[in-house]
Amino acid sequence: MELLEAAGCTITQYTEKRELTPAQLIELCQGQDVLLSSGPNAIDEDFLKACSHLKGIALLSVGHDKVDLDAATRYGIPVSNTPDVITQTTADTAFLLMLAVSRNAFGMSRSITQGEWQFYDPTAHLGQDLYGKTLGIFGMGRIGFDLATKCKAYFGMKIIYHNRKPRTEAEQQLGAQYVSFGELLKQSDVLSVHAGLSSETKGLFNHDAFAQMKPTSIFVNTARGGMHQEDDLIRALENKTIWGAGLDVTNPEPMDKNNPLLQMPNVCVLPHVGSATVGTRDNMATKAAENVIAVVKGIPMPNILNPEVYLGQYV
């Protein structure tokens, strides 16, 4: 806010603690030059048509699956995100979930509040060791690479991954092995999802996928909830098709408080807080502000997602 005000921006801020409807977002953007979107609002064809006067849209996120970039480009609206700054914190969250699930941490904590901590039983509450196990990464981008680095350094885990194409850096630095999606499912002791949500990845982790995983495997998703079929995940856990799950994203969001996943001792769920540290959110806010200020100054957004919108405008 201070950066924007210092740049001479007049700010209209939506401060209510509830989500906007599409119609409300359109109405609020009338008379504005730039939208800084920090929520799950859909920036779709209808919005872009109704708000084609916008000179730019700055997202307070890395993910942009809610944005119709093709439509934004047709309407001549540059769209930006906040890359790079969430890599370590989101990888840390995946690491936290993996470790918490492996030791039944959330379930055992709940058992204490329910008065179930009684006599000592040496065979109760047993978790899994992660040392020397196989970590499967679906989407070897910045976050997946950072998690793999942590897991190899701390647990000596073998790294396998599936990506749109092999990543030489991961293979050279981590000894990672590129495998097919089917092999990723079959070989992973921990399978962590770090890809973007698209028509190809939506609902990819379903009954058929979980059926190919080890009964001792852990499924971790800190990317997008839409990538797993939640009913299928529930059944896979109930039937012991897989051993446990750690989720920072759910399908849908927010998760219903009565969702059976929340009562399973081998499941850890967080409310989509992968990048929620003071430092990371400050850096995200700064990047978003810098993208807005670029529009105000009449220069290209530094973190543009659809650079083709600028073709012919700048030398």
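The values are calculated or read from the model by the stated rules, or taken from the named source; none is laboratory data. Just so it is clear, the structure is predicted and the values come from calculations on it, not from any experiment. Neighbour counts run over all protein chains shown; Cβ positions are idealised from the backbone, glycine included.
Structure notes:
- Counting only residues that are part of a loop (DSSP other than H, G, I, E, B) and modelled with pLDDT of 95 or more, the range 36-51 holds 2 of them.
- Sole exception among (1) in contact with a helix residue (DSSP H, G or I) (Cβ under 8 Å, 6 or more places away or on another chain); (2) touching a residue at least 60 places away in the same chain (Cβ under 8 Å); (3) on the phi < 0 side of the Ramachandran plot; (4) surrounded by fewer than 19 Cβ atoms within 10 Å (Cβ to Cβ) for residue 12, by number: (2)
- Candidate set: the range 276-298, residues that are surrounded by 13 or more Cβ atoms within 10 Å (Cβ to Cβ) and of a type in the set (Lys, Arg); chosen: the one farthest from residue 39 (Cα to Cα): 287
- Counting the residues of the range 211-266 that are of a type in the set (A, V, I, L, M, F, W, C) and either free of Cβ contacts under 8 Å to residues at least 40 places away in the same chain or outside the structural domain of residue 113 (by TED's automatic domain parsing) (or both) gives 13.
- Check on residue 73, within 15 Å of residue 309 (Cβ to Cβ), touching a residue at least 24 places away in the same chain (Cβ under 8 Å) and touching a helix residue (DSSP H, G or I) at 6+ places or on another chain (Cβ under 6 Å): yes
- Filtering the range 60-67 for residues that are closer than 25 Å to residue 273 by Cα and among the hydroxyl-bearing types (Ser, Thr, Tyr) leaves a non-empty set.
- Residue identified as part of a loop (DSSP other than H, G, I, E, B), touching a Leu at 6+ places or on another chain (Cβ under 9 Å) and crowded, with 20+ Cβ neighbours inside 10 Å among 54, 20: 54
- Every residue from the range 241-283 that is over 18 Å from residue 62 (Cα atoms) and basic (Lys, Arg): 257
- Pick from the range 174-197, criterion more than 12 Å from residue 147 (Cβ to Cβ) and of a type in the set (Ser, Thr, Tyr), ranking: surrounded by the most Cβ atoms within 10 Å (Cβ to Cβ): 188
- Exactly one residue among 48, 36 is in contact with a strand residue (DSSP E or B) (Cβ under 8 Å, 6 or more places away or on another chain) and either closer than 17 Å to residue 78 by Cβ or exposed (fewer than 14 other Cβ atoms within 10 Å of the Cβ) (or both), and that residue is 36.
- Note on the range 97-118: among residues that are outside any loop (DSSP other than H, G, I, E, B) and without any contact (Cβ under 8 Å) to a residue 40 or more places away in the chain, the one that is surrounded by the most Cβ atoms within 10 Å (Cβ to Cβ) is 99.
- Residues of the range 119-153 that turn out to be out of contact with any helix residue (DSSP H, G or I) (no Cβ under 7 Å at 6 or more places or on another chain), outside any loop (DSSP other than H, G, I, E, B) and without any contact (Cβ under 8 Å) to a residue 24 or more places away in the chain, as a count: 1
- Taking the conditions (1) surrounded by 16 or more Cβ atoms within 10 Å (Cβ to Cβ); (2) out of contact with any strand residue (DSSP E or B) (no Cβ under 8 Å at 6 or more places or on another chain); (3) not in a helix (DSSP H, G or I) in turn, residue 301 satisfies each one other than (2).
- Put simply, of 249, 190, 220 the only residue that is closer than 21 Å to residue 41 by Cβ and either among the charged types (D, E, K, R) or touching a helix residue (DSSP H, G or I) at 6+ places or on another chain (Cβ under 7 Å) (or both) is 249.
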